[in-house]
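Just so it is clear, none of the values below were taken in a lab; they were calculated from the coordinates. These numbers were taken from a predicted model, which means no experiment stands behind them. When we count neighbours, we look across all protein chains shown, and the Cβ atoms used for this are built from the backbone with ideal geometry, even at glycine.
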């Protein structure tokens with residue numbers, strides 16, 4: 001007896017996923033709960049296990065293909081004597097030895113370019129440039145091919161294989177790109193940067209490190225505590241805009257996402273209820289989440305529920321940044337590097353540990369004055385940090 005195993009509902013409103021990698025081939029015998037395929041969704045990458053014992057008689061879909069929830073992934077024969085009616089398999093066209101790429105849901109072939117959407121002038125120019133219009137995806141309205149498309153195509157064709165190296169644009173990299181593009185398209189971003197004197201914070205952290213030997217202590221937990229306190233005073237920055245319902249939802253929990261570099265790209269694990277935890281608890285939780293991310297073992301629940309995001313490159317943090325807001329939130333705080341600088345204090349030039357904070361905001365929700373007041377509230381806490389731990 002054959003069993004068609006379909007992509008299950010992963011939850012959190014996920015309706016589709018991308019096949020990242022297969023763990024089985026057609027003809028392989030599998031056991032119940034054995035991983036079959038790795039699927040990337042908007043939320044997380046998950047391994048989909050086999051629902052039963054049997055033999056893979058058909059594997060549908062290739063790496064890089066987007067599939068909807070409810071689409072058949074594999075056909076499993078529960079015994080070798082069963083007769084399995086195979087359906088037509090969709091495979092991407094590749095050269096020998098090449099890894100298959102993404103499969104479009106439908107392949108469209110044209111014998112000529114008469115049905116390509118463009119103008120007579122562009123057709124003439126394409127003929128002069130010896131360009132087949134059916135090979136170009138138009139960037140104009142409704143997919144219309146414009147002059148820039150011809151020049152871009154010509155430039156790409158001018159590069160020989162020896163001049164370029166092609167790497168797949170899929171998986172987490174593609175998800176990151178689509179999410180950030182949607183954020184920039186839908187939110188009117190603006191960024192505000194301010195300087196912080198963290199000399200006292202550096203002293204406090206050095207002192208506490210002697211007591212926190214079991215966990216690596218960074219400046220991030222202190223910043224998180226200051227941010228949570230600031231969000232309580234300025235709740236608009238801890239909100240979600242629902243344009244359809246025409247409401248701004250003020251979040252009552254302070255769940256801070258931490259932008260983290262994973263092997264395949266950037267993910268944002270979430271530390272829940274930051275306002276209820278001390279610096280040591282936050283340091284341990286950050287360490288655990290970071291280790292899981294780097295090992296590619298982040299759980300779905302670790303990526304859910306964020307209300308505000310922080311991003312930092314540590315010692316590589318630069319002077320300032322213009323971070324892109326995480327979708328469904330209205331603000332993100334960039335933490336820049338700490339440097340010793342000469343500054344004026346009480347009319348004297350002294351050396352202090354200085355750092356910049358760069359905050360990007362959704363101008364539909366947060367005006368500049370509110371952003372500045374929030375950031376200065378955070379700065380006051382960081383400059384006098386004894387209450388943060």
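Cβ-Cβ distance of residue 210 and residue 348, R₀ of 25 Å, FRET efficiency by 1/(1 + (r/R0)^6): the value works out to about 0.20. When only Cα pairs below 8 angstrom with a gap of at least 6 residues are kept, the range 190-387 shows a relative contact order of 30 percent.
For the chain, the longest principal axis of the alpha carbon atoms and the long axis of helix 199-209 meet at an angle near 70°.
The fewest-to-most ranking of 213, 6 by surrounding Cβ atoms within 10 Å reads 213, 6. Taking a ≥ b ≥ c as the square roots of the eigenvalues of the Cα gyration tensor of the range 2-77, is the shape rounded (a/c under 1.5), prolate (a/b larger than b/c) or oblate? Judged from the Cα gyration tensor, the range 2-77 comes out prolate (a/c at least 1.5, a/b above b/c).
Its DSSP H runs of at least 4 residues, each contributing -39,500 (n - 2.57), put the calculated 222 nm mean residue ellipticity of the chain at -7500 deg cm²/dmol, to the nearest 500. For the pair the range 16-34 / the range 260-303, the C-alpha centres are spaced 28 Å from each other. On a 0 to 90° scale, report how tilted helix 279-294 is relative to the longest principal axis of the chain, with both axes built from alpha carbons and the result rounded to the nearest 10. Taking the Cα atoms of the chain, the angle to 279-294 is about 20 degrees.
Return a whole-number percent for the relative contact order of the range 2-77, with Cα pairs under 8 Å and 6 or more residues apart as the contact set.
Reported relative contact order: 43 percent.
Candidate values (i) 63; (ii) 46; (iii) 51 were compared with percent of Cα pairs over 27 Å apart computed on the shown model; the agreeing label is (i). For the chain, averaging the sequence separation of C-alpha pairs within contact (under 8 Å, six or more residues apart) and dividing by the residue count gives a relative contact order of 15 percent. When the chain is treated as a Gaussian network with alpha carbon springs shorter than 10 Å, the biggest mean-square fluctuation among 17, 314, 64 belongs to 314.
Note on residue 297 and residue 339: their simple-model spin labels are 3.9 nm apart, each label 7 Å out from Cα toward Cβ.
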